[in-house]
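Data first, discussion second: the structure below is written as C-alpha cells.
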Amino acid sequence: MKEPLSSYRIFLEVARQKSMSKAANNLYISQPAISKSIQKLEEHLETTLFLRTPKGLTLTDDGQLLYRQATVAFQALDGVESELKHRNELGMGLLKIGASSTLCKYLLLPYLQDFIAAYPNIKISITCQATHETLKLLEDDQIDIGLVGEPSFSKDLTFQTLKQIQDTFVATQSYLDNLDRLGVKKEDYITSSNLMLLDKKNMTRQHIDAYLERKHIEIKDAIDVSNLDLLIEFSKVGVGIACVIRDFVSHELMKHELVEVPTSLHIPPRNVGLAYKNHRLQNPALEKFISFYNKRKKSDLPV
C-alpha cells in the first residue's frame, strides 16, 4: 500500500459527510488539503471515487467498494487498538523465560509464584534447556530472559545475580563406611569411588572439570547423569558419590539421608542469576519482571 493510511481515513470521512468542507472541519484539515488527498488517492487507484452532484458528493461504484472494504479494515484496526489498550491497562503481556530444569525447579518456580500472583494477566512461557542452550536462545532473541549461571563472557547481556551457589560432594553414610572397610583413605574418596557428575555439556560439569584439572586430579570412568534430581536420587540409594549443589540437597542433608563427603576439595562458589538484553526491556512484561525482582532483592525477602 503506497498511499498512507491517512489518505483512506480522509476518504472515509468525505464519504460519510458527502462534503469536503464538512470533512475538513471534522478532521481539522484545510479543504484544499482534503481535495488534494482525494485527488492523489484517485490517481493512485486509477479510478474516480466521487461524483459531484447538486446534493453533494456521491460515491461511484469503485468508491462504494473502497468504502466497504476500508470501513472493515479500519474497524479491525480500531478493534486492535482497543484490545492493546485494554491489555496494557490490565498489565497483560507475554514473558518468555529460559532456564535449566534444575534452576527452574529450585530457584525460578518459587519466585514465579509471587510474580504471577502480582501480575496474573501476564502469560509465562518457560523453555527448559541447559544453560549453554539458554544463552544461545538469548543471543538469538528467542526468549526475553534466562536464569543461568553467570557466563564467562556477557557480550551484550545484562546479568543480575540472584544467588551464589556452592557445589559439594555427597553420599550416603553407608557408602562411605563401605569405602572405609575397603581401606580407602578419606583423601582418596573422590578418586576411588563411583563418582557421579552431570553430563559434560552442562556448565556445572564444566565448572567442576576445570577445578579438578587445576588441582591435577584425574577422574576416570565418572558416571554421567543427565540432571541434578537423578544425581540426588542415585546418591540416596548408594550408587556412589555425587557432586551436587549444596542448597538443593539441604533437605536430604538435614534428614541425614545424605552426608557431605569429607574432602580437601573446595570447588569455588559461583553465581546464578537473570540474564537479558537491554533492548528486550521494551517488552512491558519483562520490565515488570525485572522491577519485581529488584524490589524483592531490596526488601531482602527470600527468593
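Derivation of every value follows stated rules applied to the coordinates shown; laboratory data play no part. All values reported here derive from a predicted model rather than from experimental measurement. Because the Cβ atoms are built from the backbone with ideal geometry, glycine has one as well, and the counts that use them run over all protein chains shown.
Sorting check: for 67-80, 201-214, which peptide has the highest mean count of neighbouring beta carbons within 10 Å, and how do the rest follow?
Going by the mean number of other Cβ atoms within 10 Å, highest first, we get 201-214, 67-80.
Can you tell me the Rg and Dmax of region 92-172, counting just the alpha carbons, in angstroms?
Expressed in Å, the Cα Rg and Dmax of region 92-172 come to 13.9, 48.
Order these by the 10 Å Cβ neighbour count, fewest first: His132, His279. Present the calculation step by step, with values, prior to reporting the outcome.
Details: His132 15, His279 9.
Going from sparsest to densest Cβ surroundings: His279, His132.
Expected output is a single nm value to one decimal: the length gained when fully extending between Ser250 and Phe234, i.e. 0.36 nm times separation in residues minus the C-alpha distance. What is it?
Once the chain is fully extended between Ser250 and Phe234, it gains 4.1 nm.
Counting Lys and Arg as +1 and Asp and Glu as -1, what is the net charge of the other residues whose Cβ lies under 14 Å from the Cβ of Arg270?
Cβ neighbours under 14 Å give a net charge of -1.
Per DSSP H run of n ≥ 4, the term is -39500 (n - 2.57); total these for the chain, divide by its residue number, and report the mean residue ellipticity at 222 nm rounded to 500 deg cm²/dmol.
-14000 deg cm²/dmol
For the chain, state the semi-axes of the equivalent ellipsoid (square roots of 5 times the eigenvalues of the alpha-carbon gyration tensor), sorted largest first and rounded to whole angstrom.
Value: 68, 18, 15 Å, ordered largest first.
Please say if region 171-248 is rounded, prolate or oblate, where rounded means a/c under 1.5 for a ≥ b ≥ c the square roots of the C-alpha gyration tensor eigenvalues, and otherwise the choice is prolate for a/b larger than b/c and oblate otherwise?
On the way: a/c = 2.09, a/b = 1.23, b/c = 1.71.
It comes out oblate by the Cα gyration axes.
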